[in-house]
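The values are calculated or read from the model by the stated rules, or taken from the named source; none is laboratory data. Computed from a predicted model, the values in this text were never measured in an experiment. A quick note on method: Cβ atoms are made from the backbone with ideal geometry, for glycine too, and the neighbour counts reach across all protein chains shown. Heavy atoms of the whole protein, side chains included, go into the accessibility calculation; ligands, DNA and RNA do not. Shrake-Rupley method; radii C 1.70, N 1.55, O 1.52, S 1.80 Å.
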Amino acid sequence: SGESGAGKTESTKLLLQHIMNLCKGNSQLEQQILQVNPLLEAFGNAQTVMNDNSSRFGKYIQLRFQKNTVQGAKLSEYLLEKSRVVQQDAGERNFHIFYYMFAGLSSEQKEMYGLLDPSLYRYISGRFGTQEVAEHWKHKYQEVCNALDMVGFQEQEQVDMQAILAGVLSLGNVTFEPEESNGSVKVSGTSQGWLKAAAVSHKKSSLCVVSPALLHSPPVSCCCSLCADARDSVAKVAYGRVFGWIVCKINELLAENVDPEVELREIGILDIFGFENFAVNRFEQLCINLANEQLQHFFNHHIFQLEQAAYKEEGLPWETITFNNNEPILNLLLAKPLGLLSLLDEQSAFPQATDKTFVDKLNSSFKGNLHFQPARGRVLGFSIVHYAGKVQYAAGGFLEKNRDTLPANVRGLFINSVTPLLVPLHIHGEPRPTLARVECGHEARVFHRHSLMVLMERMYSANPHFVRCIKPNSLKEPGVLDNQVVLLQLRYNGLLETIRIRRDGFSWRPSFEEFAER
């Protein structure tokens, strides 16, 4: 754990290499486990103001052992930040893979996928930088292609995948305008070309991000902003599908081949997005910071509560060490029926509710709560005093993102798509939760929260080791140690109290046999 940019992902990679080196088992499998990282980072990481290679999803890697050798591995992913596909703030970029494609594809391939100059796409922000950066991205693109081959993606599947990504970019440039005669909405004349590019079918790819029927559809009666929301929903779902597909393929490749008679043991490594506090914090930051609150609570429970309970149980002289318990913050966020997320779900169920009615509800429900502060003036937002400090959240878009709905007619476009990937996938003979379920509002939220709940249950049933990553400075500079930045992290992570409990407590715990033998 640690805040964004503290080195969690790099530490995870080093830890994996270390474990693999100690095992000296199935070398091919070990290489495969290490080689899937470039793939996950290309599709799941992005540049943010805090970190140039920030994980925008959480991953839990389970290594399965028999007789001290790795026999297989499984990857679980949590809460991919799909909203990044359609919107990035100043100083941030979209997922790496889009930039790698522009740098790595040949002119002929770009023409095949209908890709034009990157500066033309609304979904891509950030200048493309120097020739040196372009060369680096080109090298990264080659790494991704090698990893796709290694994981077992067929050539046609790779073509389809890149055509979907190109189609997503084209779709982002589709705009809408009112139909003067009857007040309905249609695709604007200037963006018809982009719509055709998003629904392209060429000789090498049977891709269709949107149904060809949409090219000839009559105007619809709704406002332009609703059509734009539906367009963005399609882009987010398509990207989420590609990411999910990659994770499924990785798990097929790494599945264990084991002797059923021998006990299977496991080491799990959790690398999850760090605590975030940006200039503008949205729904995504609240989800990320909630996950970090839960991990901090788990750390407190394990290091302070269980440890001190053991001393008391054995009748040892012990002066209780107090720690910063973040349970009240978790109650504020998770309590039912009056926690922040319960109120958000309640408001999301009312069609007439708005982000303002949601904020009003929070202000009245949490009046006097030490961990909640209403926004000042006319700002639509609120602040939460987290274990790591106060974060101000902009409430605009909270209800829409929480609903995460896909209109029924748009769902139909996916079901009728000519690209198999975009039609609900089936894995190992089990129907994958279909678009109509997972991407539809309430079930999507339940799915995400349930997966985080299962993750926490796993953690509590294991024997955990905590790797606390400390960010040396806020400038993304090597070799610079900012004392105040470091001290703040040591304080809010509870590491000063942890040092005290380790120093005053009993760090070496031999069994009676070990003690007697010594």
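Taking the Cα centre of the range 283-396 as the origin, how large is its charge dipole in debye, to the nearest 20, when only Lys and Arg (+1) and Asp and Glu (-1) carry charge on their Cβ atoms? Kindly include the intermediate steps, with their values, before the conclusion.
Numbers: 8 positive and 11 negative charges, 133 e Å.
Here the range 283-396 has a charge dipole of around 640 debye.
Using only alpha-carbon positions, what ratio does the radius of gyration of the range 325-385 give when scaled by 2.2 N^0.38 Å? Don't skip to the answer; put the middle values down first.
Working: Rg = 11.6 Å, N = 61, 2.2 N^0.38 = 10.5 Å.
The range 325-385 yields a ratio of 1.10.
Please give the peptides 252-264, 329-341 ranked by average Cβ packing (other Cβ atoms within 10 Å per residue), highest first, as a rough proxy for protection. Mind dumping the intermediate values first?
Values: 252-264: 12.4, 329-341: 16.5.
Per-residue mean Cβ counts within 10 Å order the peptides as 329-341, 252-264.
By average Cβ neighbour count within 10 Å, what is the ranking of 484-496, 51-63 from highest down? Walk me through the numbers on the way to the answer.
Working: 484-496: 15.6, 51-63: 19.4.
Listed from highest to lowest mean packing, they are 51-63, 484-496.
Restricting to Cα pairs below 8 Å that are 6+ residues apart, what does the relative contact order work out to for the chain? Please round to a whole percent. Before the final figure, lay out the partial values.
Numbers: 688 pairs, mean separation 87.6, N = 518.
It rounds to 17 percent for the chain.
Share of Cα-Cα pairs in the range 242-310 beyond 19 Å, in percent? If you can, show how the numbers build up before the last one.
On the way: 1505 of 2346 pairs.
Of all Cα-Cα distances in the range 242-310, 64 percent exceed 19 Å.
Out of the total accessible area of the chain (probe 1.4 Å, heavy atoms of protein only), what percent is carbon and sulfur? Before the final figure, lay out the partial values.
Numbers: 14110 of 26070 Å².
Carbon plus sulfur share of accessible area: 54 percent.
Only bridges with both residues in the chain count here: give the DSSP antiparallel percent, nearest 5. Working shown, then result.
Values: 34 of 35 bridges.
That works out to approximately 95 percent antiparallel.
If the reach is capped at under 16 angstrom between alpha carbons, list the lysines near Lys249, excluding any in the same chain fewer than eight residues apart.
Lys249 reaches Lys59, Lys74.
Suppose we take every Cα in the range 283-396 and form the convex hull; what volume per residue is that in Å³?
Dividing the Cα hull volume of the range 283-396 by its residue count gives 115 Å³.
Give me the Å³ per residue figure for the convex hull around the C-alpha atoms of the range 62-196.
On the way: hull volume 24.2 nm³, N = 135.
With only Cα atoms used, the range 62-196 gives 179 Å³ per residue.
Using alpha-carbon pairs under 8 Å, 6+ residues apart, how would you state the relative contact order of the range 283-396 in percent?
Numbers: 104 pairs, mean separation 23.0, N = 114.
20 percent.
What is the diffusion coefficient of the range 135-199 in µm²/s, taking the Kirkwood radius over Cα pairs and the Stokes-Einstein relation at 25 °C with a viscosity of 0.890 mPa s? Write out the running numbers ahead of the final one.
Numbers: Rh = 14.4 Å.
Estimated via Stokes-Einstein, D reaches 171 µm²/s.
Run the 1.4 Å probe and let me know the accessible area of Arg282, rounded to the nearest 10 Å².
Roughly 50 Å² of Arg282 is accessible to a 1.4 Å probe.
Taking R0 as 25 Å, what FRET efficiency do you get between Asn325 and Asn473 from their Cβ-Cβ distance, rounded to the nearest 0.05?
Numbers: r = 29 Å, r/R0 = 1.18.
It comes to 0.25.
In Å², and per residue, what accessible area does the chain have when probed at 1.4 Å with the other protein chains present?
I get 50 Å² per residue for this part.
Among Lys24/Lys140; Lys8/Lys476; Lys8/Lys140; Lys24/Lys138; Lys13/Lys140; Lys138/Lys401, which pairs are too far apart, with a Cα-Cα distance over 26 Å?
Details: Lys24/Lys140 28 Å; Lys8/Lys476 14 Å; Lys8/Lys140 21 Å; Lys24/Lys138 33 Å; Lys13/Lys140 17 Å; Lys138/Lys401 34 Å.
Cα-Cα > 26 Å for Lys24/Lys140; Lys24/Lys138; Lys138/Lys401; rest within.
Using a 1.4 Å probe and ignoring any ligands, DNA or RNA, find the accessible area of Cys227 and quote it in Å² to the nearest 10.
20 Å²
Ordering His465, His301 from largest to smallest accessible area (1.4 angstrom probe), what's the sequence? Present the calculation step by step, with values, prior to reporting the outcome.
Values: His465 155, His301 50 Å².
The residues order as His465, His301, largest area first.
Let me check I've understood the local charge: for Ile164, count other residues with C-beta under 11 angstrom from its C-beta, Lys and Arg +1, Asp and Glu -1. What total comes out? Write out the running numbers ahead of the final one.
Values: positive: Arg241; negative: Glu157, Asp160.
Net local charge, Ile164 excluded: -1.
Farthest toward the dipole's positive end in the chain, which of Phe273, Tyr311, Pro38, given Cβ charges of +1 (Lys, Arg) and -1 (Asp, Glu) about the Cα centre?
Checked the options; the winner is Phe273.
For the chain, with the dipole built from +1 on Lys and Arg beta-carbon atoms and -1 on Asp and Glu ones, taken about the Cα centre, which of Leu29, Leu330, Ser342 lies farthest toward the positive end?
Ser342
In the range 337-363, which residues have a backbone nitrogen under 18 Å from the label point lying 7 Å from Lys390's Cα in the Cα-to-Cβ direction?
From the range 337-363, the list is 363.
To one decimal place, what orientation-averaged projected area in nm² is obtained for the convex hull of the Cα set of the chain? Mind dumping the intermediate values first?
Details: hull surface 118.1 nm².
Here the figure is 29.5 nm², rounded to one decimal.
If you place +1 on the Cβ of every Lys and Arg and -1 on the Cβ of every Asp and Glu, how big does the dipole about the Cα centre of the chain come out, in debye to the nearest 20?
860 debye
How much length, in nm to one decimal, is gained on full extension between Gln352 and Ala375, taken as 0.36 nm per residue of separation minus their Cα-Cα distance? Walk me through the intermediate numbers first.
Working: separation 23, 0.36 × 23 = 8.28 nm, distance 2.27 nm.
Extra length from Gln352 to Ala375 when fully extended: 6.0 nm.
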